[in-house]
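Notes follow once the structure below has been shown.
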Amino acid sequence: MQTKTRGKRLGFGLIFVGLIFLFNPDIAVVDVLPDLFGYLFITLGLKYLRDMCPHIEAASVGFSRMILLGTAKLLSVAFIFGLTTFETRPTMILLFAFSFAVVEIIVAVPAWKELFDGVIYLSQRTVDGVALRSDRFGRDYTTKIKGFTVFFIWSKNILAVLPEFASLSGQAYDDTAFDWSRFIGLFRILAFGVVLLIGVVWLIRAMRYFWAVGTDAPFI
């Protein structure tokens, strides 16, 4: 029993580490801290809980797919900057960034929702689990962090793609059209700053949440 308890605590420890790789913004397809490592740690951490709850099992499958997506994103960087010409590179960056953003929202959002729903499901077996504690407005701890996580994923992906649309104005045939692509660097910096602020807040809140749940004796 002690071995199993340590294993479950280790599972939350791996999730805790995985969060560190996920909070940073993407610059188009460039990810300084690759998300694939974050989702790899989280997937490994869930092996202690996924057999106990169908929600967490579904989350584990989703995070496994995110590992593949992260790998594809890394390979795309080598392709874009190694095999494309200077003229076609902006369009390729936009194409890949948009595609990855759409797939990540489709895969990651349901996976995170399933994970938090699984924690709620397992916490219902405890008398006073920290995951179900409510604030003065009646919102439980898990539902709040779930909502903010979804907001973070949408923000991270939308703001990674939006600056890249400026490259389309630089390819217009109308000479009177304003070339917004000249400011694409500034747009990227602004988007990076906004996502970084949201990401740091999310990281702190998510770490506090998983630390609280992982050290909650009744839940463990």
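Gain on full extension, evaluated as 0.36 nm per residue between Q124 and S64 minus their Cα-Cα distance, stands at 19.0 nm.
Think of it as helices only: each DSSP H run of n ≥ 4 in the chain is worth -39500 (n - 2.57), and spread over all residues that comes to -23500 deg cm²/dmol at 222 nm. With no solvent and one equal point scatterer placed on each C-alpha of the stretch 29-78, evaluate the Debye formula and give log10 I(q)/I(0) for q = 0.14, 0.16, 0.23, 0.27 Å⁻¹, two decimals. For the requested q values the scattering log ratios are -0.37, -0.46, -0.75, -0.91.
Per residue, the solvent-accessible area of the stretch 3-117 (1.4 Å probe, heavy atoms of protein chains only, all protein chains present) comes to 48 Å².
Binning the C-alpha pair distances of the stretch 59-110 at 5 Å intervals from 0 yields a P(r) profile of 4, 20, 27, 20, 14, 9, 5, 2, 0 %, listed from the shortest bin outward. For the chain, complete DSSP H runs whose alpha carbons reach 20 Å or more along their own long axis and whose mean Kyte-Doolittle score is 1.0 or higher are 54-83, 89-123, 184-214. Site pair L95 and F79 shows an inter-label distance of 0.9 nm when each label is modelled 7 Å from Cα along Cα→Cβ. The eigenvalues of the Cα gyration tensor, multiplied by 5 and square-rooted, give the stretch 1-111 an equivalent ellipsoid with semi-axes of 33, 13, 9 Å from largest to smallest. Overall dimensions of the stretch 62-220, expressed as equivalent-ellipsoid semi-axes from the Cα gyration tensor (√(5λ), whole Å, largest first), are 40, 17, 11. A probe of 1.4 angstrom, applied to the heavy atoms of all protein chains, finds W202 with accessible area near 0 square angstrom.
Number of Lys-Lys pairs in the chain under 18 Å by Cα, sequence gap 8 or more or different chains? So the count of such lysine pairs works out to 8. Counting only protein chain heavy atoms and rolling a 1.4 Å probe, the accessible areas of S181, S76 rank, largest first, as S181, S76.
In whole percent, how big is the carbon plus sulfur part of the accessible area of the chain, probe 1.4 Å, protein atoms only? Result for the chain: 69 percent of the exposed heavy-atom area is carbon or sulfur.
The values are calculated or read from the model by the stated rules, or taken from the named source; none is laboratory data. Computed from a predicted model, the values in this text were never measured in an experiment. Neighbour counts are summed over all protein chains in view; Cβ atoms, including those assigned to glycine, are modelled from backbone coordinates with ideal geometry. Accessible surface areas use protein heavy atoms only, side chains included; no ligands, DNA or RNA. Shrake-Rupley method; radii C 1.70, N 1.55, O 1.52, S 1.80 Å.
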